[in-house]
1. Please give, to one decimal in nm, the separation of the simple spin-label points placed at SER70 and ARG457, each 7 Å out from Cα toward the Cβ.
2. Would you grab the residues whose amide H sits under 5 Å from the one on TYR412? Only those 5+ places off in sequence or on another chain, please, with H modelled 1.01 Å from N.
3. Kindly put CYS43, CYS557 in sequence by how many other C-beta atoms sit within 10 Å of each C-beta, fewest to most.
4. When a footprinting reagent is the concern and you count Cβ atoms within 10 Å, what order do ILE150, ILE175, ILE410 take, fewest first?
5. Give me the net charge for the shell around TYR111: Cβ to Cβ below 14 angstrom, other residues only, Lys and Arg +1, Asp and Glu -1.
6. Which value in deg cm²/dmol, rounded to the nearest 500, describes the helix-derived mean residue ellipticity at 222 nm for the chain, given -39,500 (n - 2.57) per DSSP H run of n ≥ 4 and division by the residue count?
7. How big is the charge dipole of region 477-543 about its Cα centre, in debye rounded to the nearest 20, if each Lys and Arg gets +1 on its Cβ and each Asp and Glu gets -1 on its Cβ?
8. Write down the Kirkwood hydrodynamic radius of region 412-465, to one decimal in angstroms, obtained as one divided by the mean of 1/r over all alpha carbon pairs.
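Derivation of every value follows stated rules applied to the coordinates shown; laboratory data play no part. Computed from a prediction, not measured in an experiment: that's the story for all the values here. As a convention, Cβ positions derive from the backbone with ideal geometry for all residues, glycine included, and neighbour counts pool all protein chains shown.
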Amino acid sequence: MYNRRLLRRFKRAIIPSVLISRETGECALHEERMGSVTKFIFCTGGVVSSVGKGVAAASIARILKSRGISVSIQKLDPYLNVDAGTMSPYQHGEVFVTEDGSETDLDLGHYERFIDENLTSSSNVTTGQVYSAVIASERRGDYLGSTVQIIPHITDEIKRRVHQVAHESGAEVVIVEVGGTVGDIEGLPFIEALRQIRSDIGRENVLYGHVTLLPRLAVTGELKTKPTQHSVKELRGMGIQPDFILLRSDTYLSDGIRAKVSLFCDVDESAVVPLVSASTMYEVPLIMENAGLGDLIVERFGLSAAKPNLEQWRKIVERIKNPARQVQIALVGKYVELVDAYMSVREALYHAGAHHDVGVDIRWVESDLLEGGESDPLAGVDGIVVPGGFGYRGVEGKIQAAQHAREHGIPYLGLCLGLQMMVIEFARSVAGLEGANSTEFDPQTPHPLIDFLPEQRQVFDKGGTMRLGSYPCHLVPGTRAREAYGQEEVRERHRHRFEFNNQYRQNLTSKGLAVSGVLEEGDLVEIVELEDHPWMLATQFHPEFKSRPNRPHPLFCAFLSAAIGRSGK
Ligand code: GLN
C-alpha cells in the first residue's frame, strides 16, 4: 500500500489536521496525493479592489487548461456572510448560482465561463462559513479542551477547504483567489492559511500571483508603480513573496516600468505581466499567454504540458471584437447603473452575439423610467430582456416593458422575475384579470398569478432557503423552447421563492399563453411563450448561468436570432 512512516510524516506536516478523518485517523487525501501533489496558484490583489482579479484568476485557469492541464478554481471571500445570497447587488454585484444550488460570488461565473466546467459550493468559501464550522466543532467538543484560536483552528479550516477543492476536482492545478485587497483585516487569516500551505506541501507546489493597479496621473500621463510596491511590501510583511505580478493599467506600459516593478518587488522581469484593459474580458487569457505567463507557470511547477491551444478562444474573441453587424437589446433592470448586477445576462448576450456574428449593443433601461407608461427608453430596440429581481421597486416598469414587447412584436426574453412580469402583464391585459399580481408585491391581490412555491410558505430564514440550483425541465413538443433546445429534457438553475400559480393555467393558456417547459414532479411551470408573437418567451430559471463563450445558451441564441430578424427589417 503506502509507506506508513512517510504517511505519518505527511499527515503531520502536509495535511492540515482537520483533513484527517475523526473515525479512522486516516487521511482522505494522502493516498491519492502521495504520487502527485496538486499544485496551487494563490492570487491576491493590491492597491484597489475591483481590479479584475477574478478575470485574472479565471484567465490563468484558461491558459493552463488550453495546455491540457486539468484545473479547478476557488474564491475565498473574507466577508462574514455565509454566502453571497443575502447580499444586495448594489454591494456585491450579481449572485451567481451553481448547479448544486449555492449562491456564490460573481467571480464563480467568470470561472465557469472561462474554464467551461461546473463548479460546486466548495469553490466559494467565506469567513462566515469558516467561523460557523469552527464554532460548531467547538460546541460539539471536538477540540478536546483546547483554546480555539484563529491560528491554528481558523487557518486549518481554511486550509481544509482549499484542499477539499483539490480533492473533489482531482485537478492538477488549483487556482485560489482571495477576495478583497491585501491589508484588509478580514483577509488576514486567509493570507496566513495560504502562506502556511507553501510549507505544508513544499515550495515547488505553490505559486503566489499578485494583481495590482498602476494608476495613471492625468497631468503627466505617467503610470505610477509606488502603490504596487507598497502592496507587495504589505504582502511580504505577511510572509508572502509574490512569484509573479499582474499589472493592470489603462494604457500600455513601457519595459522601463516592468523593470522597475521587477527591481523594487524582487520579481523576475519575465514574471511581471502587463494587463492593459482589454475591450473584452475574454482577451485576457490571450494577453497573458502572449506575455509568457503560461510558460512561466508550467516551468516553475515542472509540469509536462502540451502546447497551448487557444485557437477556438481566439476566434470567439475576434468575433466579439469585430462583429459583422450590431443589434440593440434593451436590458430593463433595477440596477442599471451597476453592470455587475446583471453580469451573467450581459455575458450570455455577448456569447450568443458571437455565435451569430453580431455585436450586442445593450441599452441599460432603468425600469422606474417606464413606470408612467413611458415607452421612449425602449424606442428602436431590436429585443427586450427583463432579468431576475426581488422587491417591488421597478416592477411596474418591467410589466410595462413586457406589454411594449407584446404589443409591438418585439422579441422578449424574461428571466425568472421576467417570466413573472410577462405572465402578470398577460393576465391583466389579455385575460382581463384586473389587479393581477405576485403575492411578493401585493399579498392582497385579487388574482395571485404568481404565488409562493408550496415549500416556501413556512420559510422564515432568508439565507440559502430559496428554490436553488439545477432541476430538470421537460420541453413541450412543437414549442419555440423545444425548437431552441433541440432536445426533450434539459436541466437549468433556479433562484426564486415564487412561481406561476397553476390555478390560472387553464384560463391563460386558452388565451394564447403557452406553457412550453414544465418540471414534471409537481407540475411547475418553467417556461412560457406567446403563441401569437414573433418571439416572446420567459423562463422561471436562469439560463444565463449556463452560457459559456464556446457554448452559448440555446435560448439566448434563439432570442438574438429573432432580434436580428427584426433589426434586418
Ligand atoms: N422575486 C422573484 C421570486 O422570488 C424572482 C426571483 C428572481 O428573479 N431570481 O420568485
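1. Reported label-point gap for SER70 and ARG457 is 4.7 nm.
2. Placed amide hydrogens put ILE384, TRP535, MET536, LEU537 under 5 Å from TYR412.
3. Sorted ascending by nearby Cβ count, the order is CYS557, CYS43.
4. So the residues, fewest neighbours to most, are ILE150, ILE410, ILE175.
5. -3
6. Numbers: 19 runs with 201 residues, N = 569.
So the calculated ellipticity at 222 nm is -10500 deg cm²/dmol.
7. Rounded to the nearest 20 debye, it is 280 debye.
8. 12.1 Å
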